[in-house]
Amino acid sequence: MADLKNIAPLEDFDWEAYEQGDNNANESREAQTEAYEGSLNKVSDHDVVDGTVISMNKREVVVNIGFKSDGIIPMSEFRYNPDLKVGDTVEVYIENQEDKKGQLILSHKKARASRSWDRVNEALNNEEIIKGYVKCRTKGGMIVDVFGIEAFLPGSQIDVKPIRDYDIFVGKTMEFKVVKINQDYRNVVVSHKALIEAELEAQKKEIIGKLEKGQVLEGIVKNITNYGVFIDLGGVDGLIHITDLSWGRVSDPKEIVELDQKINVVILDFDDEKKRIALGLKQLTPHPWDALDANLQVGDHVKGKVVVIADYGAFVEIQPGVEGLIHVSEMSWSQHLRSAQEFLKVGDDVEAVILTLDRDERKMSLGIKQLKEDPWEAIEVKYPVGSKHTAKVRNFTNFGVFVELEEGVDGLIHISDLSWTKKVKHPSEFTQVGAEIDVIVLDIDKENRRLSLGHKQLEDNPWDVFEAKYTVGSIHEGKITELLEKGAVVALDENVEGFATPKHLVKEDGSQAAQGETLQFKVIEFNKDSKRIILSHSRTFEDPQREEKKAAAKKTRTAKKDEAPKIENVAASTTLGDIDVLAELKAKMEKGE
């Protein structure tokens, strides 16, 4: 109170005016208005000025620009800056100093837009880190609000690792670097990946500098392809080839690992610059061959599953990482090499016999035909010489027919053993592939696994009968079935064929016999061993004519002989003159006079 006593009253204060409510009685209203307005900032519509955030809530931000009233801006205009707080300085665009309600109308978005192009170019030139708001997805990436400009964020520039779900970034505010601007079209491209690459590059150098072959590291599955798996080793990528994922065969890497999975891997190799790093997963576990039963040996039976199949054979996995090959030749006792696909398919469960086993080379060959008895072991019992069977025609050659009696047992019917009577030029004239044919076993070659078979031997040899019927000189009716350069094939009875040369095909009128004609033929040669009958049509009329001429000539000679004079006792009364007469008579008789 003592201090209050020392305060001197204002000598010129108008107490009467104060009591009447006029505090500024000594000043004119105009002067007061002028002084008040002088204390405010000078602003104009459409100006861009800086303001201070004095309060904010979820819907709006109140900004003081030093004007007689504060402006209110929607919070949505600041969504790119979630860290906005009271006291922050923001740029605003004055849309209207005073609307109908006397309210100052401001816009932060327009303020940013008016300066945005300059700002975004500065950010590119200065490699500045800026903030942007991810508005939405678009083809190939995202649309980002930067300084009020819609910039493009490519999908490959979101992160250093592939992005599988773009939607998780929509509505987020993130830091970016401007990486490209098209001045003509005012297109802006930004990158978030560029911000973390510099940091990762430092990490990568540190990791690469410590890499050693055989080193075991922890990594994260970054990407899975059909040929392998990419592993993030902390900024450095390595590849586990599909063959190094498991000791067993892998058809799809997703069977072994999954995205974002943490796994331990071993470094197998890398190039001089350590840019390509080969990793292994299976190498962290013992090789399955080392765990193979030590008692397993050749001749043992094993079970497994077909994992790979090719024309030459099938690979069977008897336990993970341990495979054996069944060559196609070990799938059947048949000597006809066929494709393995005819016997097995991938996924088949099979039982097989171990044929070879090399633990050092980690190789094993298997067989499945050995599960059945070799049909050639007792071939003489099942197919003795002289036994009759039905076989299936497999294929032809010029010299015969190959047939199969059962799987693994084949035989040959020589072309000469197909028919007793028919001249077979090629086996295809007699039968066809796939047809059944009756055979008789003629001979067994066990060592070479061959059977000699016959078909004609199922019937008696008709040439024994033909020998008595088609004697030389006998005449038979025949039909010309085929004309050749060297003669004609003539069909006789009993399905037997004969042959006539061109000179024996001349008819009585001098013309040549034609194909399809049925004529009389004389047998002029019969050979049982070579099964050959030589015929002649011409001789059927030439021989009688010749016989007639011979008979006529003989008759003439007999008649002249009877007309000759009889000489009796010539010798008794012969004189020298008589001898000359006798000589002359003899000469005339010899001339047939």
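Pull out the extension gain between SER428 and LYS382, defined as 0.36 nm times the separation in residues minus the alpha carbon to alpha carbon distance; nm, one decimal.
Details: separation 46, 0.36 × 46 = 16.56 nm, distance 2.88 nm.
13.7 nm is the gain from fully extending SER428 to LYS382.
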How many angstrom separate the Cα center of the stretch 324-355 from the Cα center of the stretch 436-477? 40
Using a 7 Å offset from the Cα along the Cα-to-Cβ direction at both ASN264 and GLU436, what is the distance between the two label points in nm, to one decimal? 6.7
Net charge contributed by nearby residues that have their C-beta within less than 15 Å of ASN461 (K/R +1, D/E -1): -1
Return the Cα extents of the stretch 165-238 along principal axes one, two and three, sorted largest first, each rounded to a whole Å. 54, 28, 24
Here is the link list: LYS456/LYS531; LYS135/LYS275; LYS210/LYS254. Which ones come out longer than 25 Å on Cα distance? LYS135/LYS275; LYS210/LYS254
Per residue accessible area in Å² of the stretch 282-401, where ligands, DNA and RNA are left out and the probe is 1.4 Å: 56
If you roll a 1.4 angstrom probe over the protein chains with everything in place, what fraction of the accessible area of the stretch 344-405 belongs to carbon and sulfur, to the nearest %? 49
Placing +1 on each Lys and Arg Cβ and -1 on each Asp and Glu Cβ in the chain, then taking the dipole about the Cα centre, the residue among ALA202, SER76, HIS504 whose Cα reaches farthest towards the positive end is HIS504
Using only the alpha-carbon atoms, how far is helix 108-125 inclined from the longest principal axis of the chain? Give it as 0 to 90 degrees, nearest 10. 60
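Kindly provide the trypsin sites (Lys or Arg not before Pro) of the stretch 147-208 that DSSP labels as loop, not H, G, I, E or B, and whose Cβ sees at most 14 other Cβ atoms within 10 Å.
Numbers: sites: ARG164, LYS172, LYS177, LYS180, ARG186, LYS193, LYS204, LYS205; in loops: ARG164, LYS172, ARG186.
In loop regions of the stretch 147-208 (DSSP not H, G, I, E or B), the sparsely surrounded trypsin sites (Lys or Arg not before Pro) are ARG164, LYS172, ARG186.
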With angles folded into 0 to 90 degrees, how steeply does helix 538-563 sit against the dominant principal axis of the chain? Use alpha carbons for both and round to 10. 10
Would you mind working out the accessible area per residue for the stretch 143-218, using a 1.4 Å probe, and quoting it in Å²? 59
Run the reach check for LYS479 against lysines, Cα to Cα strictly under 16 Å, same-chain hits fewer than 8 apart removed. What comes back? LYS422, LYS423, LYS507, LYS522
Gain upon complete extension [PHE399, GLU218; 0.36 nm per residue less C-alpha separation]: 58.0 nm
With each label point set 7 Å from Cα along the Cα-Cβ vector, what nm distance links GLU206 and VAL346? 4.5
Packing-wise, with mean Cβ within 10 Å as the measure, how do 287-294, 239-246, 515-522 rank, highest first? 239-246, 515-522, 287-294
What translational diffusion coefficient, in µm²/s and rounded to a whole number, does the Stokes-Einstein relation yield for the chain at 10 °C and a viscosity of 1.306 mPa s, taking the hydrodynamic radius as the Kirkwood radius over Cα pairs? 40
Obtain the nm distance between the two label points defined at ASP360 and GLN335 by a simple spin-label model: each point lies 7 Å from its Cα along the Cα-to-C-beta direction. 3.6
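Which three semi-axes in whole Å describe the equivalent ellipsoid of the stretch 418-488, each the square root of 5 times a Cα gyration tensor eigenvalue, listed largest first?
31, 18, 11
The values are calculated or read from the model by the stated rules, or taken from the named source; none is laboratory data. The shown structure was predicted, so the numbers you read here are calculated from the model rather than taken from an experiment. Quick reminder, even Gly has a Cβ in these numbers, built from the backbone with ideal geometry, and neighbours come from all protein chains shown. Areas reflect the complete protein model, heavy atoms only, side chains present, ligands, DNA and RNA absent. Shrake-Rupley method; radii C 1.70, N 1.55, O 1.52, S 1.80 Å.
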